[in-house]
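A short reminder: the numbers here are calculations on the coordinates, not readings from a lab. Every value quoted in this text rests on a predicted model; they were computed, and no experiment measured them. Heads up, the Cβs are rebuilt from the backbone with ideal geometry, glycines too, and the neighbour counts pull from every protein chain shown.
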Amino acid sequence: MERFGRFSANTAKSLIGRNVNLHLKDGSVIVNVLLAEVQKDEFRGKIFVKCIPYGRKNTLKIPLKNIAWAELLNLNLISISG
């Protein structure tokens with residue numbers, strides 16, 4: 001698994017369409033999400049990352065400033081039992 005340091009808007013844009021683990025600055029981790037979009041709130045000047053949790057249809061909207069780094073997942077290594 002590849003680790004991307006210092007998360008920025010450019011890093012987020014390069015990961016759109018990929019599955020990652022998002023490591024937040026508060027120490028928590030959002031596991032296996034698909035990065036869908038990077039949005040900028042024109043009125044507040046804040047940047048958000050929209051992501052879709054694995055197996056769900058709803059999206060999460062996370063402020064970019066809350067993300068410490070992202071870990072790129074290799075889905076070929078993940079086995080789904082069912």
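Out of residues 5 or more away from TRP69 or on other chains, whose amide H comes under 5 Å of its own, with H placed 1.01 Å from N in the peptide plane?
HIS23
LYS25: which lysines have alpha carbons under 24 Å from its alpha carbon, excluding same-chain residues fewer than 8 sequence positions away?
LYS13, LYS40, LYS46, LYS50, LYS61, LYS65
Kindly provide the trypsin sites (Lys or Arg not before Pro) of the stretch 25-61 that DSSP labels as loop, not H, G, I, E or B, and whose Cβ sees at most 10 other Cβ atoms within 10 Å.
ARG44, ARG56, LYS57
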